[in-house]
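Worksheet: the structure to be examined is printed underneath.
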Amino acid sequence: MDVAEAPEPELLRDPESYARLLEHVREAVLQGVPGPRPPRSVVSDSWSRSLAARVDPDEGEAPFVFDTDALASLREAHPLAPVLPVLRQMLVSIADDAEHVMIVTDADGLILWREGETAQLLRGDRVGLVEGTRWSEAAIGTNAMGTALATGEPVQIYSAEHLVRRYHTWTCAAAPVRDPETGVLLGSIDVSGPLRTVHPAMISLVTATAQLAEGQLRAHLAVRDERLRRANMPHLEALRGRPGALLSAGGRVLAAQACLLPSTVDIRRGGGTVALPDGRLATVEPLDEGYLLRLSTPGVGSRRAQLRLEYLSDGAQSTTVDGREVPVTLRHAEILTLLALHPNGLSAERLALQLYGETGNPVTVRAEIHRLRSQLGAQVVQTRPYRLAADVDADFARARTALRSGSPAEVLRVFRGPLLPESEAPAIREERESLTAQVRQVALNSDDPGVLWSFWETACGVDDFAVLDALLTTLPAADPRRAAVSAHRARLA
């Protein structure tokens, strides 16, 4: 959060005085005269959108659009319904203690669920903060739910920052929730209550809860993906080694053989011939659930540059273009990794977030991309969005493929160490930890001393007691490796 956008210190010292200040700011803006201070930019932009939608600042009220019967079917079908228990566990007790209510909306700002202490629910009833009402900016002006949906970012709205006067005794914090498969907005999670109980930590709380909800949705998606892979794998095996892939109903690649593909293929309902981003043609056939993709005769894709990334290593990493090794910095290796993980490309803003976190600057990313393009060539790294235009052979991608469909021995043949172990980029760190954890579990589940030994030889497994104990259990007494493992465990203990 930008310093200029952070809550003022007087908000916590004297919420009532701060509310009066915000009232003066609002009146000055509405009258077009100088005020005591400008509104926060997120609020100013929201006021502009709300006024353009003809929301009445003095008499506006949230419209009631669905009755209880209609709402029941909407709730049952909504993608956030499965994670409602997580939201309750995270927020309802805290909301009760803080005299707030927890609210979940759909992507249009319709309140689907509302829970909290009875007195606060009754207070919400009096201002239309109830299930079945719509709280988009276009419907009721600036509010945390509507503004979070409009901007796609978490936001906290205080008192007279609400455009409509009747909500000036309220404060609210909301965060959007996105579909992990498509990235589209599913709705928002909000905590609302009286101004006197306001606390700046509420925005962190709803943001963390939204991220937890998205994590739960990703877990549900992974389960569905695995079920679909297992059901449809015979169709892929029937290609007998020819290039092809299994796709989800939305076009995501679930399994592929003998070809490199983007993470998602743009398919039309019913299948047919599709053109891949590199010019190759493929035929998509509908299955009972999902699709089978068959690659046609290679087109321009066969003439593309060949980029090889060997970044799973305890030691030095390797980057080659058309067989020529190119020395790259750690930052450039991080960029190449992220672009390989996102074949459809990333914007400068998104890449900055994945490289640097919330402090990332798109300007810095653009400068790094310019240097990387100068080093590798425009035929390898392209812009708008930033993406790899070469055929990519990345060991971390091969490891992911082996985890899905390969044997434990194949997984450990590819996995030689952690992904870019010196990197502190948030997205790289997350991918490294996830990949390492999955490979470790494969090794432990294998009961194969060769597989366990291969994992122990990496920096990830050398000091892992569980791996050492598994080796001592599976290695024959006469195997000389057993003595080495036993001695190393004794030193650690």
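The values are calculated or read from the model by the stated rules, or taken from the named source; none is laboratory data. Nothing here was measured: the structure is a model prediction, and the numbers come from that model. Every residue, glycine as well, gets a Cβ built from its backbone with ideal geometry; the counts of neighbours run over all protein chains shown. Heads up: the accessible areas ignore ligands, DNA and RNA and are worked out on the full protein's heavy atoms, side chains in. Shrake-Rupley method; radii C 1.70, N 1.55, O 1.52, S 1.80 Å.
Note on Arg196 and Ala77: their simple-model spin labels are 4.4 nm apart, each label 7 Å out from Cα toward Cβ.
Nearest 0.05, what FRET efficiency do Thr383 and Asp69 give at R0 = 51 Å with Cβ-Cβ as r? That pair, Thr383 with Asp69, gives E of 0.50. With θ taken as phi - 60° and the Karplus curve 6.51 cos²θ - 1.76 cosθ + 1.60 applied, the whole-hertz 3J(HN,Hα) list for segment 342-347 is 10, x, 7, x, 9, 6 Hz, x standing for glycine and proline. Based on protein heavy atoms only, the chain ends up with 47 Å² per residue of surface accessible to a 1.4 Å probe. When both segment 98-128 and segment 208-233 are represented by their alpha-carbon centers, they are found 29 Å apart. Label positions at Arg413 and Thr151, each projected 7 Å from the Cα along the C-beta direction, are separated by 5.2 nm. Inter-part distance, segment 131-205 to segment 350-425, computed on C-alpha centroids, equals 35 Å. Extension gain for Arg37 to Glu433 (0.36 nm times residue separation, less C-alpha to C-alpha distance): 138.0 nm.
Once the Cβ-Cβ distance between Ala119 and Leu84 is put in as r, and R0 is 25 Å, what FRET efficiency do you end up with, to the nearest 0.05? Calculated transfer efficiency: 0.65. The label point for Asp45 and the one for Ala477, both projected 7 Å from the Cα toward the Cβ, are 7.1 nm apart.
To put it simply, the accessible area of the chain at a 1.4 Å probe is 52 percent carbon and sulfur. Per residue, the average separation of C-alpha pairs within less than 8 Å and at least 6 apart gives the chain a relative contact order of 9 percent.
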